[in-house]
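Everything below concerns the one structure shown next.
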Amino acid sequence: MSLKDKLIPEKLPRHVAVIMDGNGRWAKKKGNQRIFGHRNGVKAVRETVEAAAEMKIDYLTLYAFSTENWNRPKIEVNALMSLLVSSIHNEISTLNKNNIRLLAVGDLEKLPSKVRKELNWAIEQTSVNNGLSLVLALSYSGRWEIINAVNQILNDVKNGKIDIGEIDYSVFNSYLVTAKIPDPELLIRTSGEYRISNFLLWQIAYTELYFTEVLWPDFRKEEFYKALYDFQNRERRFGKISEQL
Ligand code: IPE
Ligand code: IPE
Ligand code: MG
C-alpha cells in the first residue's frame, strides 16, 4: 500500500517548499560529472510537481538556484542555466495540461536574458491556470529578499507613501517577493544536509522541517508522500500548549 492512501486531505499543507539538494554527490557516486546529477534531478522535479498537483496542494516552492550558487565554477553555472531554459521550455505544455501556474521569486534580473525570456514566457503562458502554483526560487536567498524589502520600504518612506510608524508585520510582509504566497507549512530538504542555506528565512518562522537522506535525483512521489505523512502526524502548537489546541 502506498503512503498516499494514508494521507488525510484536511491535514495536508497548503504550501510545501523544497531544498532540492544532492545532485552533485549523486553524479559523483556514479562516477559522473556534477551536471549529470542536475540533469537527472529534472525527473525528480517532475514527479514532485505531479504529486503535489495530485494532492491538491496550492503552492510548491522549489529552491532551484541560490544567490550563493553564483559562486560555483562558471562551467557549472552555465550548464545549470542551459538546463533551466530547456526544462522550462519542455515542461510548459505539461504545466498547462495539469492546470499548473508557474511563478518565480528571486533576483531575476541577475539571470541571463535567455533564461529570463523563457521564464517570463512560461509564466505568461500558464498565468490563467488555477491549480497548483509552482514557484521557482531562482537567484534567490532569504537575506537578499529581506534587504530588498528594507530598501523598498525606505524608498517609500522617503517618497511619503508610508510612514515609519506604519511598518508592522503585514506591511513588511507585503514588500517581500513572496508577498502574495502563504508561508510554507512544510519544508523538505534532501541529501542529509541539516541546514537552511539562506532559503525562505522570514517565511519559515513556524514551518515544519523534514530532512531526508535521499539525494535529489532519487526523490520520487513516495518520498514526497512520506514527508506529507510525517507532517500530518505532528502537533503544531504555535507557542501554545497541547490542551489549548
Ligand atoms: C542541488 O544539488 C542543486 C543546486 C544547488 C543547484 P547540488 O549541486 O548542491 O549537489 P551536492 O550538494 O553538491 O551533492
Ligand atoms: C541549496 O543547496 C541551494 C539549492 C538547493 C538551490 P546548496 O548545495 O547550494 O547548499 P549548501 O551550500 O551546501 O548549503
Ligand atoms: Mg548541495
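Checking residue 204 against (1) closer than 25 Å to residue 237 by Cα; (2) within 16 Å of ligand 1 (Cβ to nearest atom): exactly one of these is not met. Which one?
(2)
Look through 105, 77, 157 and report the one residue that is farther than 21 Å from residue 198 by Cα, surrounded by 14 or more Cβ atoms within 10 Å (Cβ to Cβ) and either of a type in the set (Val, Ile, Thr) or touching a residue at least 60 places away in the same chain (Cβ under 8 Å) (or both).
Details: 105 fails: farther than 21 Å from residue 198 by Cα; 77 fails: farther than 21 Å from residue 198 by Cα.
After applying the criteria, what remains is 157.
Would you pick out the residues in the range 31-46 that are open to solvent by 70 Å² or more (accessible area, probe 1.4 Å) and either closer than 18 Å to residue 133 by Cα or in contact with a Cys (Cβ under 7 Å, 6 or more places away or on another chain) (or both)?
46
Would a scan of the range 198-213 turn up a residue that is open to solvent by 30 Å² or more (accessible area, probe 1.4 Å) and over 18 Å from the mean Cα position of the chain (by Cα)?
Yes, that holds for at least one residue.
Name the residue, out of 61, 67, that is within 13 Å of ligand 2 (Cβ to nearest atom) and crowded, with 21+ Cβ neighbours inside 10 Å.
Values: 67 fails: crowded, with 21+ Cβ neighbours inside 10 Å.
Residue meeting the stated conditions: 61.
Might you check whether a residue that is under 26 Å from residue 143 (Cβ atoms), modelled with pLDDT of 95 or more, out of contact with any Lys or Arg (no Cβ under 6 Å at 6 or more places or on another chain) and surrounded by 14 or more Cβ atoms within 10 Å (Cβ to Cβ) occurs anywhere in the range 232-243?
no
What are the residues in the range 214-231 that are open to solvent by 10 Å² or more (accessible area, probe 1.4 Å) and in contact with a Pro (Cβ under 9 Å, 6 or more places away or on another chain), if any?
The one that is open to solvent by 10 Å² or more (accessible area, probe 1.4 Å) and in contact with a Pro (Cβ under 9 Å, 6 or more places away or on another chain): 231.
Condition first: open to solvent by 70 Å² or more (accessible area, probe 1.4 Å) and either within 16 Å of ligand 1 (Cβ to nearest atom) or modelled with pLDDT under 95 (or both). Now tell me which residues in the range 6-30 satisfy that.
Scanning the range 6-30 gives 25, 28, 29, 30.
The values are calculated or read from the model by the stated rules, or taken from the named source; none is laboratory data. Everything numeric here is computed off the predicted structure, so don't read it as measured data. Counting neighbours? That spans all protein chains shown, and the Cβs are built from the backbone with ideal geometry, glycine included. Each accessible area value is taken on the protein alone, full model and side chains, heavy atoms only, with ligands, DNA and RNA left out. Shrake-Rupley method; radii C 1.70, N 1.55, O 1.52, S 1.80 Å.
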